[in-house]
Amino acid sequence: MLSKLLEKEINDQINYEFWSAQLYLSMSAHFADLGLPGFAHWMYIQYQEETTHAVKFFNYVIERGGKVQVQPIQEVSTVWDSILSVFKETMEHEQKVTTRINHLADTAVAEKDHATQSMLRWFIDEQVEEEANVKAIVDTLKLVKDNGYGIYALDKELATRVFIDNTQTGINA
Ligand code: FEO
């Protein structure tokens, strides 16, 4: 059985993962509107991944005999100044997610909940991937600056991203 504190914190994280999904869906719509289908596709996969994260926590709460409280999703931004500003916000957002996951892990340790510690290990590893992936794009965008061909080439590259529900495989990618 989950402690009441962990049940509440994981419920809040479910909401935060769904909020993240909304944010990335909004970024996808923004890129589609700019005529950048590869960037839009990359963000759409990001949206799909966040949904699987929320569902992984959702299933875990139920599996441990807890109650999921579905909460309203807060509004997200819909416009950005530049491509780089979208990815800088993405990077800051993922860093915030990492801090939240680490806090959850601290709570699980304090509550002596070994099962939750084990479940969170997947998310801890996932955040390493998430931050590294976004940082690589931020670095490329800084290099490319406003070069049209560079943006075109990056758009083509991001279009090749494939969605894999790695919450099912247990392997982070
Ligand atoms: Fe669910 Fe991007 O962290």
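Tabulated data
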| read-out | value |
| --- | --- |
| Residues 62, 151, sorted so that the one with the fewest Cβ neighbours within 10 Å comes first | 62, 151 |
| Net lengthening on full extension, residue 74/residue 160 (0.36 nm per residue, minus Cα-Cα) | 27.9 nm |
| Region 5-67: Cα Rg divided by the 2.2 N^0.38 Å rule of thumb | 1.35 |
| Sorted by Cβ density within 10 Å, fewest first, the residues 70, 61 | 70, 61 |
| Mean ellipticity per residue at 222 nm, deg cm²/dmol - from DSSP H runs of n ≥ 4 across the chain, formula -39500 (n - 2.57) | -26500 deg cm²/dmol |
| Largest-first ellipsoid semi-axes for region 65-159, taking √(5λ) over the Cα gyration tensor eigenvalues, angstrom | 35, 16, 11 |
| Expected-Rg normalisation [2.2 N^0.38 Å, Cα atoms] applied to the chain | 1.10 |
| Region 36-83 pair-distance distribution - Cα-Cα, 5 Å bins, rounded % | 5, 14, 16, 21, 16, 11, 9, 6, 2, 0 |
| Distance (nanometres) between label positions extended 7 Å along Cα→Cβ at residue 136 and residue 102 | 2.3 |
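Values quoted throughout were computed directly from the atomic coordinates according to the rules given, and no laboratory measurement underlies them. Just so it is clear, the model here is predicted, and its values are computed rather than measured. For neighbour counting, all protein chains shown are included, and Cβ atoms are generated from backbone atoms with ideal geometry for every residue, glycine included.
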